[in-house]
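The values are calculated or read from the model by the stated rules, or taken from the named source; none is laboratory data. Source: prediction; values computed, not measured. Cβ coordinates were reconstructed from backbone atoms using ideal geometry, including for glycine residues, and neighbour counts include every protein chain displayed.
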Amino acid sequence: MATRRRTATTNWASGNNAPDGPTAIDNLQSAKDEYQLVDYVPGLPSSVKTLPRQERFSFFEKVRLGFLLIVLGIGVFIDRFLTRKWDKLSDLLNVYGWIFPKPPTTEIWRDDAFFGRQRLVGVNPFVIRLCTAIPGNMKENVNKGRESLQMVLQQKSGKTDFTLDTAIQENRLFIVDYDILDGMKDEFGICSPIALLLVDAKNELMPIAIQLYQTGENNPIFLPEDPSWLMAKLWFNHADSSYQESFSHLGVTHLLMESVDVVTHRNLTTTHPVYEILAPHFLYLLAINTLARNQLINEHGIVDKTMSIGREGMFEIIRRQLVKWRMDEDGTLPEDLEKRGVVGDGILPGYYYRDDALLVYEAIRKYVHTYIHVYYDDDGNNGKLQVSNDAQIQAWVAALIAKRELVGGGCEIQCESRRHQFPQYEQYGFQPAYPVGMRGTPPQVTNIELTGTAIIKAIPPKVTCLLEMVVMKFLSTQNTRRLGNFTRDSIPFNADDAVKQFREDLRTAAETIEERNITRKYPYQWASPDNIPNSISI
Ligand SMILES: [Fe+2]
C-alpha cells in the first residue's frame, strides 16, 4: 500500500503508538516534511511538492503500465504508417483493430438519441439540469425561431398542441448551459454553448435546439432539421468534452483529491481512525498525478498536443468552476441531483448514472457512518470521542477548508468513486463522436450542408487523433482493486464488521444494477461497484 506504514495498535486511548501517542506524533512530524503542499498552478488545488518514495508506483505496476504503453505504441505505429490517409469519413475506421477496438460510437455518432444519451450515461453526466425557464441569453433566439422550434416540439412529442411551456410544465425540458465557458472563444477556441433537450414521446432524451455562444453576432439557434445541425453538435460536444476532462476529471477527481490526500498525511497520524479509513483510497493517487504533471499537463505536453484548449484552457476552466463548486452540494450526490432538479417521480428517464450511482453512494455513506460511530459519538457517550475534542480532526478540517472552503468532510470516498468513470475510450475513441480537438470555426449560419471532408477538416489530424486514442485507452484501464475489495493489511482496524457489511451492500448494488440492465434498452455498467476502483490511480 502506497501510504505511510502503520505501527500496529488498535488502541485509540493509550500506548506509544496510539493516534495521539508519542511515536505517532513523531511520525506525523516526519510526514509534514515528506508531504509538502505546493501551488503547481495558481487558483487550483494544491499539489504534493515532491512525490514521497512510498507513494511511487510499485515495480509490478510500473512494468504493467510500461507494457501497456509499448502495446499502444505498436498500435499507433501500425495505424500511422500502414493505414490510409484520412481523405474520407470511412478512412477513419481503418485505424481500429485488436489494440484499438472499434468504439460503438462509430455507428451511432450522428444520432440525436445518442447525443441525448451522452448527457445521461456518457463520461460527463454531471451537468444536465431541469429547465424551468429559457435562459436570458437564449430567449431572443428562441422567440425568433419559435415557429420552427414549435414544429420540432410537435414532432418529438407527437402532440400538435405541445409547446415549450407544456414541456416546462411537464418537467420534460432539460438544459446543458456552458455559461462558465463564456469569453474563452478567442484564446482557447471553445464555444460556450447552450443545448435544450426534450424527453420525447418514446421517453428518450432528444436535443431540440443548440446555441453555440452565450451572446454575440452570428450566433443563431440550430435545430435538428438544419443542415448545420451535426456540426453544431460537434462543437457542443467539444465544449462538453473540454469541460469533462478539465473540471469533472482533472479538477475535482484528481487534483482536489490530491490536496485532501496530502492534507490528510500532514494532519492525521497513521493510527488515527479517519486516516485508516481513507488510506486505501489514496493508493497511487499522488503517483498518477505526478505522472500527469510530467507528461500530460506539462507545457507542450500531451494535453497541449491533443486538446484545442491546451493545459492553460483546462486550468482556466477549473479555476472558473472551482470558485462556485461546493463539496456539500455539488460534491454530494443526492444534493447535487436535487440542485439540478433531476430527481423525482418519472423525471428524466434513462438517467442510469443517477439511478445506479445513488445505490453506491448509499453503500458508502452507510459504511463511513458505521465506521465513524465505532470511535465517535456526538455526545461523547460510552467512552467514545467527540469530534469537537479531537485535535487532529480539528487541524485536518481547518487545513482542508483553509484554501478551498471544502465543506462536509467524510464525502471524500464518495466524490472520487462517482466522478471517476471508465468509458473514456468508448466515448473518445472515435473523434467525431466526442472531439477534444476542433479546427476551424464553429458554424455561424444554419444552412451549410455538411460533407465528410468538412468533418475530417474539423477534427485534428490523424496523428493527433491516434495520440488521443493512446491516452484514452491508457486512462480507461483500471489498475487497482475494485471498491471495497481491500487487501488484508489495508482494512482499517476495528472495521471488520463495517467492511463486511460494505462489501455485502456493494454486492447487492451490483446485482441490482445487473438486473436493471436486463430490461434497459441501453445497458449501463459504469456506475456498478464492479467497475469502480478503490482509488484514483489512473
Ligand atoms: Fe483519471
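Odds and ends about this structure:
- Filtering Thr271, Thr306, Thr290 for residues that are touching a residue at least 60 places away in the same chain (Cβ under 8 Å) and within 30 Å of Ala458 (Cα to Cα) leaves a single hit, Thr306.
- Residue match in the range 121-137 (condition: assigned to a helix (DSSP H, G or I), in contact (Cβ under 8 Å) with a residue 24 or more places away in the chain and closer than 20 Å to Val436 by Cα): yes
- The set of residues in the range 52-111 that are in a loop (DSSP other than H, G, I, E, B), at pLDDT 85 or above and polar (S, T, N, Q) contains only Ser58.
- In the set (1) in contact with a helix residue (DSSP H, G or I) (Cβ under 8 Å, 6 or more places away or on another chain); (2) modelled with pLDDT under 95; (3) part of a helix (DSSP H, G or I), Val360 fails one condition alone, (2).
- Breaking point among (1) buried (at least 19 other Cβ atoms within 10 Å of the Cβ); (2) more than 16 Å from the ligand (Cβ to nearest atom); (3) under 30 Å from Thr451 (Cβ atoms), for Glu187: (1)
- In the set Val499, Val436, Val470, only one residue is within 16 Å of the ligand (Cβ to nearest atom), out of contact with any strand residue (DSSP E or B) (no Cβ under 6 Å at 6 or more places or on another chain) and not in a loop (DSSP other than H, G, I, E, B); that residue is Val470.
- Conditions (1) more than 27 Å from Ala292 (Cα to Cα); (2) at pLDDT 90 or above; (3) of a type outside the set (A, V, I, L, M, F, W, C): number failed by Thr451: (2)
- Selection status of Asn382, closer than 22 Å to Gln501 by Cβ and outside any helix (DSSP H, G or I): yes
- Considering (1) among the β-branched types (Val, Ile, Thr); (2) crowded, with 20+ Cβ neighbours inside 10 Å; (3) under 30 Å from Ser192 (Cα atoms), the lone condition that Ile532 does not fulfil carries the number (3).
- Residue, farthest from Lys500 (Cα to Cα), within the range 250-283, restricted to residues that are within 16 Å of the ligand (Cβ to nearest atom) and of a type in the set (Val, Ile, Thr): Val252
- Qualifying residue in the range 216-230 (condition: under 16 Å from Leu181 (Cβ atoms), out of contact with any strand residue (DSSP E or B) (no Cβ under 9 Å at 6 or more places or on another chain) and within 16 Å of the ligand (Cβ to nearest atom)): no
- Annotation note: of Glu170, Glu204, the sole residue that is closer than 24 Å to Leu348 by Cα, surrounded by fewer than 22 Cβ atoms within 10 Å (Cβ to Cβ), modelled with pLDDT of 95 or more and more than 26 Å from the chain's Cα centre (by Cα) is Glu170.
- Flag for Leu337 being without any contact (Cβ under 8 Å) to a residue 24 or more places away in the chain, surrounded by 18 or more Cβ atoms within 10 Å (Cβ to Cβ), in the same structural domain as Asp505 (by the TED database) and not aromatic (Phe, Trp, Tyr): yes
- So Ile538, is it at pLDDT 90 or above and among the aliphatic types (A, V, I, L, M): no
- The residues of the range 473-484 that are modelled with pLDDT of 75 or more and in contact with a strand residue (DSSP E or B) (Cβ under 9 Å, 6 or more places away or on another chain), listed by number, are Arg481, Arg482, Leu483.
- Selection within the range 258-274 - of a type in the set (S, T, N, Q) and assigned to a helix (DSSP H, G or I): Ser259, Thr264, Asn267
- For the range 456-466, the criterion of being within 15 Å of the ligand (Cβ to nearest atom) and either assigned to a helix (DSSP H, G or I) or modelled with pLDDT of 90 or more (or both) is met by none of the residues.
- For the residues Leu197, Leu230, Leu212, the requirement of being surrounded by fewer than 24 Cβ atoms within 10 Å (Cβ to Cβ) and either touching a Lys or Arg at 6+ places or on another chain (Cβ under 6 Å) or in contact (Cβ under 8 Å) with a residue 12 or more places away in the chain (or both) singles out Leu230.
- Residues (more than 32 Å from the chain's Cα centre (by Cα) and farther than 17 Å from Ala391 by Cα) located in the range 21-38: Ser30
- Entry remark, the range 297-330: residues being outside any helix (DSSP H, G or I) and either in contact with a Pro (Cβ under 6 Å, 6 or more places away or on another chain) or buried (at least 22 other Cβ atoms within 10 Å of the Cβ) (or both) number 4 in total.
- Inside the range 117-167, residues that are within 26 Å of the chain's Cα centre (by Cα) and among the small types (Gly, Ala, Ser) make up a count of 1.
- Residue in the range 517-525 that is under 30 Å from Val95 (Cβ atoms), crowded, with 20+ Cβ neighbours inside 10 Å and more than 16 Å from the ligand (Cβ to nearest atom) present: yes
- Among the criteria (1) more than 19 Å from Ser248 (Cα to Cα); (2) within 16 Å of the ligand (Cβ to nearest atom); (3) not assigned by the TED database to the domain that holds Leu255, the one Ser535 does not fulfil is (1).
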